[in-house]
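The values are calculated or read from the model by the stated rules, or taken from the named source; none is laboratory data. Note that the structure is predicted; figures quoted are calculated from it, not measured. Reconstructed Cβ throughout: ideal geometry from the backbone, glycine too, with neighbour counts over all protein chains shown.
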Amino acid sequence: MRPSNDQGVLQHPLGSGFNAASTTNDVIKDIDLSGKIVIVTGGNAGIGLETVKVLAAAGAVVIVGARDIEKAKKNLHGIDRVELEALDQMDPVSIHAFAEKFLVSGRPLDILINNAGIMWVPLRRDSRGIESQFATNYLGQFHLTAELWPALKKANGARVVNVSSSGHHISPVNFDDPNFIHREYETLQAYGQSKTACNLFTLELDNRGNKVNVRAYSLHPGSIGGTELAREASLELFQQMGFFDSEGNILPEVAASLKTVQQGAATTVWCAVSPLLNHTGGVYCEDADIAELAGSITGKGVQPYAVDRVNATKLWALSEQLVGITFRAD
């Protein structure tokens, strides 16, 4: 049995040689993905699009799941070895249809990258009454991974990469009221708990999946300029957070701290392909290496509550209940 990251015992950098400035081209160098099959959700914009470009250029066949097919066609035009399929992370019917079509193809799935996500949105609920950030950023990951599990096992060495965020520092999962039925909605609290859920899912998925040679990783991509994640955020919110001045200009120190899209997608790609992770899983990564447990530096590392086995098993049971499936992952 390979070691588990329960309670964050494996949260120690490996000395990968990369850092916050490293790009996707840096981490993919000398990696050949010929013959590999990859799925990337939300792979038509932002760091998802960059992830698709880099993995396809390395030889992989990349299936992109996207809500807006016409927009995705335009953004993915000209990229070789890319297949495009409709996928809405908030719609369980869409998730099932996407997975079923892939399973019917009979192909193994070497890498699943759960990248799709939303942030800074007003209170919305899906058809089941589940809050939209919890549904999109986490529960869709759980559901899609469960549906694709036979193909992941078939690959005999698959990886599942869940894009999380340092935003998990904002909030643990509120198991008493995850859908804001009995408490006032606060968009960043909802975002934070959805990203904590990604980390807990990664821990438990790896604990179960390593028995059948499937490993799991979560990651913080960094604060990135030039993505669509903040498309619904108001200027007032950014001003309250200290990112913009009273005239609506981004503060110079904030602008200087932002990663490029190529830097932001680097940790996703590293988690997907690095041989340094061949015998390690269930870990939270940042800046293309395993992160430390959270310490004195705000926003760095992973919070202990996000790598806690009790929380992880509790979330797994809740997720099965919300989705209406049993996901044994063995």
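Give the residue that is surrounded by the fewest Cβ atoms within 10 Å (Cβ to Cβ), with candidates limited to residues of segment 9-28 that are among the aliphatic types (A, V, I, L, M) and within 21 Å of ASP206 (Cβ to Cβ). Working first, answer last.
Applying the first criterion (among the aliphatic types (A, V, I, L, M)) to segment 9-28 yields 9-10, 14, 20-21, 27-28.
Adding the requirement that they be within 21 Å of ASP206 (Cβ to Cβ) leaves 9-10, 14, 27.
On the way: VAL9: 13, LEU10: 20, LEU14: 15, VAL27: 23.
Applying the filter and picking the extreme gives VAL9.
Kindly evaluate HIS143 against the criterion of being within 18 Å of ALA291 (Cβ to Cβ), touching a residue at least 12 places away in the same chain (Cβ under 8 Å) and surrounded by 19 or more Cβ atoms within 10 Å (Cβ to Cβ).
No; evaluated as a whole, the condition is false for this residue.
Output the number of residues of segment 146-165 satisfying the condition of being assigned to a helix (DSSP H, G or I), surrounded by fewer than 24 Cβ atoms within 10 Å (Cβ to Cβ) and not aliphatic (A, V, I, L, M). Don't jump to the end; show me each part of the working.
Initially, segment 146-165 is screened for residues assigned to a helix (DSSP H, G or I), giving 146-147, 149-154.
Right, trim to surrounded by fewer than 24 Cβ atoms within 10 Å (Cβ to Cβ) and you get 146-147, 150-151, 153-154.
Narrowing further to those that are not aliphatic (A, V, I, L, M): 147, 150, 153-154.
Final tally of qualifying residues: 4.
For residues in segment 121-140 being closer than 15 Å to ILE325 by Cα and not aliphatic (A, V, I, L, M), which is surrounded by the fewest Cβ atoms within 10 Å (Cβ to Cβ)?
ARG128
If I filter segment 101-114 for residues that are of a type outside the set (A, V, I, L, M) and touching an Asp or Glu at 6+ places or on another chain (Cβ under 9 Å), do I get at least one hit? Spell out the reasoning first.
The first filter runs over segment 101-114 and keeps only residues of a type outside the set (A, V, I, L, M), leaving 101-102, 105-108, 110, 114.
Subsequent filtering for residues that are touching an Asp or Glu at 6+ places or on another chain (Cβ under 9 Å) retains 101-102.
Yes, because at least one residue in segment 101-114 is of a type outside the set (A, V, I, L, M) and touching an Asp or Glu at 6+ places or on another chain (Cβ under 9 Å).
Which residue is surrounded by the most Cβ atoms within 10 Å (Cβ to Cβ), if the candidates are limited to segment 273-295 and must be farther than 17 Å from ASP6 by Cα and of a type in the set (Gly, Ala, Ser)? Give the derivation first.
Within segment 273-295, the subset farther than 17 Å from ASP6 by Cα is 273-276, 278, 286-289, 295.
Filter once more, keeping what is of a type in the set (Gly, Ala, Ser): 274, 288, 295.
On the way: SER274: 22, ALA288: 28, GLY295: 8.
It comes out as ALA288.
Only residues in segment 317-330 that are on the phi < 0 side of the Ramachandran plot and in a helix (DSSP H, G or I) count as the first member; pair them with residues that are crowded, with 17+ Cβ neighbours inside 10 Å and of a type in the set (Val, Ile, Thr), Cβ under 7 angstrom, at least 6 apart or cross-chain, and list the lot.
LEU322/ILE130
Can you run down the residue pairs with Cβ atoms below 8 Å, 6 or more apart or on separate chains, where the first is in segment 27-54 and under 13 Å from ASP68 (Cβ atoms) and the partner is charged (D, E, K, R) and in a helix (DSSP H, G or I)?
Listed by first residue and then by second, the contacts come to ASN44/LYS71; ALA45/LYS71.
When you check ARG107 against the structure, is it among the basic types (Lys, Arg), surrounded by fewer than 16 Cβ atoms within 10 Å (Cβ to Cβ), farther than 17 Å from ALA66 by Cβ and at pLDDT 95 or above, yes or no?
Details: among the basic types (Lys, Arg): yes; surrounded by fewer than 16 Cβ atoms within 10 Å (Cβ to Cβ): yes; farther than 17 Å from ALA66 by Cβ: yes; at pLDDT 95 or above: yes.
Against the criterion (among the basic types (Lys, Arg), surrounded by fewer than 16 Cβ atoms within 10 Å (Cβ to Cβ), farther than 17 Å from ALA66 by Cβ and at pLDDT 95 or above), ARG107 qualifies.
I'm trying to understand the selection: among the residues of segment 1-42, which are closer than 18 Å to VAL273 by Cα and of a type in the set (A, V, I, L, M, F, W, C)?
Of all residues in segment 1-42, those closer than 18 Å to VAL273 by Cα come to 13-20, 22-41.
LEU14, PHE18, ALA20, VAL27, ILE28, ILE31, LEU33, ILE37, VAL38, ILE39, VAL40, listed by residue number.
So that you can scan it fast, the table gives a plain yes or no per residue for (1) buried (at least 17 other Cβ atoms within 10 Å of the Cβ); (2) closer than 13 Å to TYR284 by Cβ; (3) in contact (Cβ under 8 Å) with a residue 40 or more places away in the chain:
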residue: GLY167; (1), (2), (3): yes, yes, yes
residue: PRO172; (1), (2), (3): yes, no, yes
residue: PHE180; (1), (2), (3): yes, no, yes
residue: TYR185; (1), (2), (3): no, no, yes
residue: GLY192; (1), (2), (3): yes, no, no
residue: VAL212; (1), (2), (3): no, no, yes
residue: TYR217; (1), (2), (3): yes, yes, yes
residue: PRO221; (1), (2), (3): yes, yes, yes
residue: ILE224; (1), (2), (3): yes, no, yes
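Within segment 79-88, is there a residue that is under 18 Å from ALA265 (Cα atoms), crowded, with 17+ Cβ neighbours inside 10 Å and touching a Ser or Thr at 6+ places or on another chain (Cβ under 6 Å)?
no
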